[in-house]
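Asks: Input: one structure, supplied below.
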Amino acid sequence: MNKLLKNKKGFTLLELIVVISIIGMVITTIFSIVFFGYDVYGRTTEDYIIQSDVRLAMEEVNQTIRDSKALFAVPDISYMDDQWNYIGLSADESRIIDYRWDPNIGADGDHVERVLVGPYDGITFGIKFDKENSMSKDNTLRMYFEAYTNNGNTKRFDILSGYEALNSLQVVNYGTEDNPAKALAYRADEFHYENMKILVNIALVLDTSGSMQNGLDGRSTSNLNNRRVKILKDQTNILIEQFASNTNPDVEIRMSLVEFNNDANSIRDFRNVKTQKAQLIQDVNDMCQGDSQRCSGGTNTGDGLRRAYHALEDIKADQLAAHGGTLDEIVIKNYTIVLSDGVYSYYTEYVSSIDTVEEEVCRLVLFGICLGRYTSVQQTYTRDFYLGDGNVNGSRNNTLNSPYYDGLGGSEDPDGLAYIQAVSDLGLNNNEEYTNYIIAFGYNDPGSGQVIEKIRLATNTDETRVFSADDADELGLTFTNIQMSITNDTWHYLGPRLTSVE
């Protein structure tokens, strides 16, 4: 018996360690499988919850669209108009929000946020609205919801839905491929509609100074197609086509070409972009001696703005007269698009008064004695910036009330900037009446204190409406952005007018 007990062996330490390691691996594997299952379940559940919430929100949006009286798909909600509701993203894109207008908040009313979807940890959203024909008056609208993980690369899901606004008289999309509509403005209150017109007047104030016949590198070129003015003509004609593509009968767009070099004597009539498109394009093609692309002179930016201002004032007066002098049936929006490829080197002034001074002058003084006298007649001239309408009568002269151009010619003239300021003070710097766009074309002019920045400040132009374009593609994109900006400025006026039911 004792012998049997003595021959029985226990586990060695090594064997014990091996067994414990094996058991640990088995347990780890089991827990990994369990936790993986829970993780997969959690992710699947999270995706299901998000998709379910999004689908519920889409159904709510569907009902909202069906009940709306007017719908406009817009690129953003950085500005939300009074009386309108909006569906769009929060600033951090973590929530989809219905911004409802409440007239009872404060003295003037405000928008109240009602969250439709979100937030979820590590998830951001995308939303887009479109229709096949952006400006058509049919009642269809498509909406996309997208959700992304926090790395911004992985799309969790993409849901597309098509809606029909059964009760709406107007469904318009102002998004483009480059700038899609990411928000929806709508009205669901009881309103009846009366057709109205929005009259858009655009003055194209375009530089045709001598440097515009150079290439984009600033050097002289014999290749007519590479000259700055040819590029400007081509892109301006595309801009005209873009405006002419508007099919909404409630908007009328007119454009006028204002060339400027030493002066702005070459100004064309305002033309309707739809009914007079061919003439408007011909006006553009005729710049700088037509096909020869030969430009000349300096840069009198102020004179271009002067002629544009008076032309816009004249057409506004004509439009008011045609509607009985009231704005009850029309909204008038005036714009200037100023393009220059260099510094302001000229300005326009005139002799406003001439003073004559007579004095006795001694012909000869001998030994302190005056031998003979005669009357000397001296004239002094008071010169002021010319702010009236009409052409400039050549270069500097001493003729009373005869405007002329003057300046340094080849470099930046401080009086040129002062003249721009004086012209702008006529009314162009009033953002309630005018909206200005400024383009630096073919030269580098970045930052505060440079030429374009000085023009911007003088004209009180918002910095978001100032552009720099160094080639044809950039100029085309700039014109497209301006076209969209003007459309977005006026979108809430377009279509049927909303009049409250008594």
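Asks: If you go through the range 315-339 one residue at a time, how many are in a helix (DSSP H, G or I) and in contact (Cβ under 8 Å) with a residue 24 or more places away in the chain? I'd like the intermediate steps shown before the answer.
Replies: Kept after step one, since they are in a helix (DSSP H, G or I), are these residues of the range 315-339: 315-322.
Keeping just the survivors that are in contact (Cβ under 8 Å) with a residue 24 or more places away in the chain gives 315-316, 319.
Residues meeting the conditions: 3.
Asks: Another question, if that's okay. From the list Leu339, Leu305, Leu312, which residue is modelled with pLDDT of 95 or more, of a type in the set (A, V, I, L, M, F, W, C), in contact with a helix residue (DSSP H, G or I) (Cβ under 6 Å, 6 or more places away or on another chain) and buried (at least 22 other Cβ atoms within 10 Å of the Cβ)?
Replies: That would be Leu305, the only listed residue that is modelled with pLDDT of 95 or more, of a type in the set (A, V, I, L, M, F, W, C), in contact with a helix residue (DSSP H, G or I) (Cβ under 6 Å, 6 or more places away or on another chain) and buried (at least 22 other Cβ atoms within 10 Å of the Cβ).
Asks: Within the range 316-332, can one find any residue that is modelled with pLDDT of 95 or more, touching a Lys or Arg at 6+ places or on another chain (Cβ under 9 Å) and assigned by TED's automatic domain parsing to the domain that holds Thr208?
Replies: Within the range 316-332, none of the residues are modelled with pLDDT of 95 or more, touching a Lys or Arg at 6+ places or on another chain (Cβ under 9 Å) and assigned by TED's automatic domain parsing to the domain that holds Thr208.
Here's the yes/no breakdown for (1) touching a Pro at 6+ places or on another chain (Cβ under 9 Å); (2) of a type in the set (Lys, Arg); (3) within 19 Å of Glu259 (Cα to Cα); (4) not assigned by TED's automatic domain parsing to the domain that holds Asn201:
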| site | (1), (2), (3), (4) |
| --- | --- |
| Cys370 | no, no, no, yes |
| Thr375 | no, no, no, yes |
| Gln378 | no, no, no, yes |
| Asp384 | no, no, no, yes |
| Ser402 | no, no, no, no |
| Leu417 | no, no, yes, no |
| Glu433 | no, no, no, no |
| Asn436 | no, no, yes, no |
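Asks: Separate question: Just checking, which of Ala278, Ala244 is among the small types (Gly, Ala, Ser), out of contact with any Asp or Glu (no Cβ under 8 Å at 6 or more places or on another chain) and closer than 26 Å to His323 by Cα?
Replies: Values: Ala278 fails: closer than 26 Å to His323 by Cα.
Within the list Ala278, Ala244, the selection yields Ala244.
Asks: Write out, first by first residue and then by second, each pair whose Cβ atoms fall under 8 Å of each other, whose residues are 6+ apart or on separate chains, and whose first residue, in the range 473-502, is on the phi < 0 side of the Ramachandran plot and part of a helix (DSSP H, G or I) while the second is of a type in the set (Lys, Arg) and modelled with pLDDT of 75 or more.
Replies: As it stands, the answer is Ile482/Arg465; Ser485/Arg465; Ile486/Lys333; Asp489/Lys333; Thr490/Lys333; Tyr493/Lys333, since those pairs meet every condition given.
Asks: Take the range 77-121 and flag every residue that is closer than 19 Å to Pro180 by Cβ, of a type in the set (A, V, I, L, M, F, W, C) and free of Cβ contacts under 8 Å to residues at least 12 places away in the same chain.
Replies: Ala91
Asks: Out of the range 313-336, which residues are within 18 Å of Asp269 (Cβ to Cβ) and under 20 Å from the mean Cα position of the chain (by Cα)?
Replies: Ile332, Asn334, Tyr335, Thr336
Asks: Determine which member of the set Asp314, Asp318 is among the charged types (D, E, K, R) and within 26 Å of Arg465 (Cα to Cα).
Replies: Asp314
Asks: Could you list all residues from the range 422-444 that are surrounded by fewer than 20 Cβ atoms within 10 Å (Cβ to Cβ), of a type outside the set (Gly, Ala, Ser) and either touching a residue at least 24 places away in the same chain (Cβ under 8 Å) or part of a loop (DSSP other than H, G, I, E, B) (or both)?
Replies: Passing the criteria: Leu426, Asn429, Asn430, Asn431, Glu432, Glu433, Tyr443, Asn444.
Asks: Does the range 69-81 include one or more residues that are of a type in the set (D, E, K, R), in the same structural domain as Thr149 (by TED's automatic domain parsing), modelled with pLDDT under 75 and at negative phi?
Replies: yes
Asks: Which pairs do you get when a residue that is within 13 Å of Val284 (Cα to Cα), found in the range 227-243, comes within reach of a residue that is among the charged types (D, E, K, R) and surrounded by fewer than 23 Cβ atoms within 10 Å (Cβ to Cβ), reach meaning Cβ atoms under 9 angstrom, with the pair 6+ apart or on two chains?
Replies: Val229/Arg294; Ile231/Asp471; Ile240/Lys277; Glu241/Lys277
Asks: Still on this structure, please answer the following. Going by what's in this entry, would Asp291 be described as touching a Pro at 6+ places or on another chain (Cβ under 8 Å) and in contact (Cβ under 8 Å) with a residue 24 or more places away in the chain?
Replies: no
Asks: If you don't mind, there's one more thing I want to ask. Considering only the range 451-461, I want to know if a residue exists there that is at pLDDT below 95, over 30 Å from Ile198 (Cα atoms), among the basic types (Lys, Arg) and out of contact with any Pro (no Cβ under 7 Å at 6 or more places or on another chain).
Replies: Looking through the range 451-461, at least one residue is at pLDDT below 95, over 30 Å from Ile198 (Cα atoms), among the basic types (Lys, Arg) and out of contact with any Pro (no Cβ under 7 Å at 6 or more places or on another chain).
The values are calculated or read from the model by the stated rules, or taken from the named source; none is laboratory data. Just so you know, these numbers come straight off a predicted model, no measurement behind them. Virtual Cβ from ideal backbone geometry, glycine too; neighbours counted across all protein chains shown.
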